[in-house]
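Have a look at the structure below, then the notes.
The values are calculated or read from the model by the stated rules, or taken from the named source; none is laboratory data. The structure displayed is predicted, hence computed values, not measured ones. For neighbour counting, all protein chains shown are included, and Cβ atoms are generated from backbone atoms with ideal geometry for every residue, glycine included. Please note that ligands, DNA and RNA were not included when accessible areas were found on the heavy atoms of the full protein model with its side chains. Shrake-Rupley method; radii C 1.70, N 1.55, O 1.52, S 1.80 Å.
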Amino acid sequence: MTNPTAHKTNEVISARVASAARAGLGARPKGLPPWLFYDAKGSRLFEQITELPEYYLTRTEREILSAHAGEMIARAKDGMRLRIAELGAGTADKTRLLLAAAVAHQETVLYEPVDVSASALRAARERIEQEIPGVTVAPQHLDYTQGLELEPTREGERRLVLYIGSSIGNYEPREAVRLLERFRAGLVPGDWLLLGVDLVKNEETLLAAYNDAAGVTAAFNLNMLTRLNRELDAKFDLETFTHRADWNRAKSRIEMHLVSRIAQRVRLQALEFEVDFGEGESIHTENSYKYAHGEPEAMLTAAGFTPLESWTDAQGWFAVCLARRQ
Ligand code: AVI
């Protein structure tokens, strides 16, 4: 996931950051939206998270894709030509497996990375065109959370949309279905969605993934306050906040928090706004939902897709689901 605001002017970014900060820090309990993580530094930290030994998500999904990419492409192709869109250009590392499988089946493939960050799109284009002959990259500069306004496919073509990396897990389940419905609205019957979803597993493994020993996730979480300091002239003293990740079993989600070690008042100068924290009071910065086997398929069905097949790893930790747009 890259910074969802990067294409906007600085004033618009600040206005969006400002209203998120005012609303979130003024609320009880306090919260800030996870899109605030992804400034340039936060995006780099997220890439580091994906390489951590504790962060099983990325390597498990990669393992599933490397074992089954050929099958996934063959199922979706079904005698047609595929073009492949990816929501969130990311580092496109796992995408490479699917693109290579598509090239093996149909010699060439059009790849449409969709992102609001122009720099992420540029990077994806350079990497993919250089590394996989037969792939033509057509970057789509848009905010996919608002819907998919993509060029219509041609006669004999089907679009396969990739929404991998378990980004769906950062939405409340009901909001996740609404997001999938918006994707559906931008597709035509017969198109496909490939969805990557993290699954429930033992608590120890879940907690370790969001509490890594090297402290990268803590730095990622705390960077949100650095961003507010820079963009809103806020006066957060990072030494007085700590990262915390909890497993909320009842809601089946990891919750990330920034906890104030002390009672304090913090000024957000640009907003002429002050926030009081009690000792131990937290700002809730992210939810990462973990689904049970079968739930991703139920969510896809609720959003108007027909699940065709799901693949998982040997431990059943992560699912990649292929579903057809009805
Ligand atoms: C982007 N998303 C799927 C990540 C997750 O695991 O929920 C974001 C993240 N937060 C902390 N570590 C990674």
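For F241, nonlocal amide neighbours, meaning residues 5 or more places apart or on other chains whose placed amide H falls under 5 Å from its own, are R261.
Within the range 27-73, the percentage of alpha carbon pairs spaced more than 12 angstrom apart rounds to 72%. Loop-located GluC sites (Glu not before Pro) in the range 144-201 (DSSP state not H, G, I, E or B) with no more than 13 neighbouring Cβ atoms inside 10 Å: E149, E155. Over the chain, dividing the summed -39,500 (n - 2.57) contributions of all DSSP H runs of at least 4 residues by the number of residues returns a 222 nm mean residue ellipticity of -12000 deg cm²/dmol.
For the range 191-206, 3J(HN,Hα) computed residue by residue from phi via the Karplus equation (6.51, -1.76, 1.60; θ = phi - 60°) reads 6, 10, 10, 10, 10, x, 9, 7, 10, 5, 8, 5, 4, 4, 5, 4 Hz, glycine and proline entered as x. Calculated FRET efficiency, Q48 to D78, Cβ-Cβ distance, R0 = 56 Å: about 0.90 to the nearest 0.05. Using a ≥ b ≥ c from the Cα gyration tensor of the range 197-273 (square roots of the eigenvalues), is it rounded, prolate or oblate, where a/c under 1.5 gives rounded and otherwise the larger of a/b and b/c decides, a/b for prolate? Note, shape of the range 197-273 comes out prolate.
Taken over the alpha carbons of the chain as equal point scatterers, the Debye sum produces base-10 log I(q)/I(0) values at 0.06, 0.12 Å⁻¹ of -0.21, -0.84. Here the range 274-326 and the range 59-128 have alpha carbon centers that stand 21 Å from each other. Loop-resident GluC sites (Glu not before Pro) (DSSP state other than H, G, I, E or B) in the range 270-326 with no more than 11 further Cβ atoms inside 10 Å of their Cβ: E272, E279. If R0 is taken as 35 Å, the Cβ-Cβ distance between F273 and R182 corresponds to a FRET efficiency of 0.60. The order of the peptides 190-197, 16-23 by mean Cβ neighbours within 10 Å, most packed first, is 190-197, 16-23. Entry comment: accessible area of the range 264-326 is 42 Å² per residue, from protein heavy atoms only and a probe of 1.4 Å.
The amide H of E281, built 1.01 Å from its N in the peptide plane, has S260 as neighbours under 5 Å, considering only residues 5 or more places off or on other chains. Close amide H contacts of A85 (hydrogens built in the peptide plane, cut-off under 5 Å, sequence separation of 5 or more or a different chain): E112, L160, V161, L162. Remark: the S66-Q130 segment gains 21.0 nm on full extension, using 0.36 nm per residue and subtracting the alpha carbon distance.
Could you compute how much accessible surface L207 exposes when probed at 1.4 Å, giving the result in Å² to the nearest 10? About 50 Å², rounded to the nearest 10. I'd like the projected area of the range 103-193, averaged over all directions, using the convex hull of its alpha carbons. Report it in nm² with one decimal. Result: 6.6 nm².
How high is the FRET efficiency between L207 and A15 when r is their beta carbon distance and R₀ equals 30 Å, given to the nearest 0.05?
Computed FRET efficiency for L207 and A15: 0.25.
Heavy-atom surface analysis with a 1.4 Å probe gives the range 202-307 a carbon and sulfur content of 48 percent of its accessible area. Taken along its three principal axes, the alpha carbon spread of the range 239-326 comes to 53, 30, 20 Å, from the longest extent down to the shortest.
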